[in-house]
Amino acid sequence: GQSLEQPSEVTAVEGAIVQINCTYQTSGFYGLSWYQQHDGGAPTFLSYNALDGLEETGRFSSFLSRSDSYGYLLLQELQMKDSASYFCAVRDLSGGYNKLIFGAGTRLAVHP
Amino acid sequence: DGGITQSPKYLFRKEGQNVTLSCEQNLNHDAMYWYRQDPGQGLRLIYYSQIVNDFQKGDIAEGYSVSREKKESFPLTVTSAQKNPTAFYLCASSARSGGVSGANVLTFGAGSRLTVL
């Protein structure tokens with residue numbers, strides 16, 4: 001089976017940098033994804049890492065270490081609009097079917 | 001514009017009633033999913049379908065049923081057997097293949113919020 005762990009809450013101030021960690025346990029690894037969800041809204045895709053290293057997309061970066069079963073999402077130059085929940089997710093191919101399993105989410109609060 | 005449409009956005013149900021949540025996509029995606037989200041919680045997979053006329057149970061399928069008669073549509077029925085159905089329900093779709101543009105990138109609908117009275 002699959003399981004993911006991430007902190008439940010993170011707080012930061014505008015302009016700062018914050019890192020949201022995710023550790024996972026999988027029977028087979030096929031990539032780590034990150035999604036953002038604002039209150040009452042739908043999750044939206046942020047990034048995906050299949051290989052070790054850092055992927056950068058504007059103010060957001062995502063890192064993966066497959067040997068440590070660990071990844072993180074790095075948010076730079078924080079803005080108030082970044083206040084949201086962030087979910088890491090892994091793909092599960094057990095039983096020959098392809099589905100995405102999500103962590104419980106990290107609620108980020110950005111303060112002035 | 002392509003996307004996923006869920007309806008209704010809000011739904012109230014009396015105990016003992018079945019309700020059906022609609023999910024339609026025009027992204028030409030093969031795979032579709034239903035997730036349930038409770039307040040302050042993550043997304044838990046209810047059912048998923050990789051292709052028309054085929055679907056699989058997720059982690060919390062008890063009390064739910066689905067059908068996939070058309071590629072574009074994946075309705076979810078919340079039956080009276082679901083003991084605690086009040087939740088936010090999210091439908092999503094993706095391509096079948098992996099990678100950044102494939103199965104790891106889910107597009108979600110705006111969600112349906114079900115409340116049992």
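A few comments on the model shown:
- Within the range B:36-51, the set of residues being at the interface with another protein chain (Cβ under 10 Å from one of its Cβ atoms) and assigned to a loop (DSSP other than H, G, I, E, B) comprises B:Gly40, B:Gln41, B:Gly42.
- Residues in the range A:95-112 that are in contact (Cβ under 8 Å) with a residue 24 or more places away in the chain and more than 14 Å from B:Leu45 (Cα to Cα): A:Gly105, A:Thr106, A:Arg107, A:Leu108, A:Ala109, A:Val110, A:His111, A:Pro112.
- When A:Ser47, A:Ser62 are checked against the criterion of being at pLDDT below 95, touching a Ser or Thr at 6+ places or on another chain (Cβ under 9 Å), polar (S, T, N, Q) and buried (at least 19 other Cβ atoms within 10 Å of the Cβ), a single residue qualifies: A:Ser47.
- Among the residues of the range B:45-57, those that are closer than 16 Å to B:Leu106 by Cα and either among the hydroxyl-bearing types (Ser, Thr, Tyr) or surrounded by 17 or more Cβ atoms within 10 Å (Cβ to Cβ) (or both) comprise B:Leu45, B:Ile46, B:Tyr47, B:Tyr48, B:Ser49, B:Gln50.
- Restricting A:Gly28, A:Gly1, A:Gly41 to residues that are modelled with pLDDT under 95 and surrounded by 12 or more Cβ atoms within 10 Å (Cβ to Cβ) narrows the list to A:Gly41.
- B:Arg113 being part of a strand (DSSP E or B), touching a Gly at 6+ places or on another chain (Cβ under 8 Å) and within 11 Å of chain A (Cβ to nearest Cβ): no
- Qualifying residue in the range A:73-81 (condition: within 13 Å of chain B (Cβ to nearest Cβ) and basic (Lys, Arg)): no
- Criterion violated by A:Gln36 - all others in (1) loosely packed, with under 13 Cβ neighbours inside 10 Å; (2) part of a strand (DSSP E or B); (3) within 14 Å of another protein chain (Cβ to nearest Cβ) satisfied: (1)
- Residue match in the range B:52-61 (condition: under 29 Å from A:Leu51 (Cα atoms), touching a residue at least 24 places away in the same chain (Cβ under 8 Å), touching a strand residue (DSSP E or B) at 6+ places or on another chain (Cβ under 8 Å) and more than 9 Å from every other protein chain (Cβ to nearest Cβ)): no
- Criterion violated by A:Val110 - all others in (1) touching a helix residue (DSSP H, G or I) at 6+ places or on another chain (Cβ under 7 Å); (2) surrounded by fewer than 18 Cβ atoms within 10 Å (Cβ to Cβ); (3) over 29 Å from B:Ser49 (Cα atoms) satisfied: (2)
- Members of the range A:76-107 found to be aliphatic (A, V, I, L, M) and assigned to a helix (DSSP H, G or I), listed by number: A:Met80
- Which numbered condition A:Gly28 misses (of (1) under 11 Å from the mean Cα position of the chain (by Cα); (2) assigned to a loop (DSSP other than H, G, I, E, B)): (1)
- For the range B:4-35, filtered to residues that are of a type in the set (Phe, Trp, Tyr) and within 12 Å of chain A (Cβ to nearest Cβ), the residue that is surrounded by the most Cβ atoms within 10 Å (Cβ to Cβ) is B:Trp34.
- Which numbered condition A:Thr44 misses (of (1) at the interface with another protein chain (Cβ under 9 Å from one of its Cβ atoms); (2) in contact (Cβ under 8 Å) with a residue 12 or more places away in the chain; (3) under 16 Å from B:Ser94 (Cβ atoms)): (2)
The values are calculated or read from the model by the stated rules, or taken from the named source; none is laboratory data. Bear in mind that the values here come from a model prediction, so they are computed numbers and not experimental data. FYI the Cβ positions are ideal-geometry reconstructions off the backbone, even for glycines, and counts take in every protein chain you see.
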